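Report on one structure; see the data block that follows.
The values are calculated or read from the model by the stated rules, or taken from the named source; none is laboratory data. As the structure is a prediction and not an experimental result, all values here were calculated from the model. Cβ placement follows ideal geometry from the backbone for every residue including glycine, while neighbour counts extend to all protein chains displayed.
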Amino acid sequence: MNKNIKISLALIILFMVSVLSLFINKLTTPRHLSETELKLNGYYQFPNPREFSNFQILTSNNLMLEKDIFKGKWTLIYFGYTRCPAECPVAMSLIKTLYSTLESKGFKLDDKQVLLFTIDPENDTPNDVDKYAKAFNESFIGARGDRPMLLSMATQLNVMVVEPPKNMHVNHMDHLENHSNNILLINPDGQYVGFFRPPFNEEKFLLTYQSVVTPR
């Protein structure tokens, strides 16, 4: 094989590799959606990120968490509870699938996290809710705040939380059944930027999440 043929083959191979690389890059690079497209796919983004005050909540082994936990990470927050019969498992399973899909596609997860905040502090201990969260993914964090802290966070993050009746018996759950089922998104600056609304769809959730968290 003469030199010219070798050069021609090398150029053809280089061209094919370049085309294949561009194709793979297109497949794995998330598309940035417009505000209208985001809404149509179940995500509402605020015109301006919203600030909220500091908090103190507990996770396993009574480890204290504060607002600085959000710094440098995209955080999904879900307000639920361990005795939740349907909505909470569906939402947490959706986030679990999101993480599994991102991991399988080679996306880094070290700048992402998930926080499950119990709306049933009268019955969920910090260990209970953290164990519940980690049953979906070992990296997920479950935490509990006292009732005043819960109400403060819920108010600032536009989450509907109903206070229990004063003479509540242990198994009372009526006040928990109408809780908000949105999945909230906090940016790496610790600001509330938007939320994902039910009914949830795995493909739409993945599409909108990647669109929002991927740098432009």
For the stretch 66-98, the count of residues that are of a type in the set (D, E, K, R), farther than 14 Å from Gly142 by Cβ and at pLDDT below 95 equals 1
Residue by residue through the stretch 103-133, note down the ones that are in a helix (DSSP H, G or I), surrounded by fewer than 16 Cβ atoms within 10 Å (Cβ to Cβ) and either at pLDDT 95 or above or not assigned by TED's automatic domain parsing to the domain that holds Ile57 (or both).
-> Asn127, Lys131
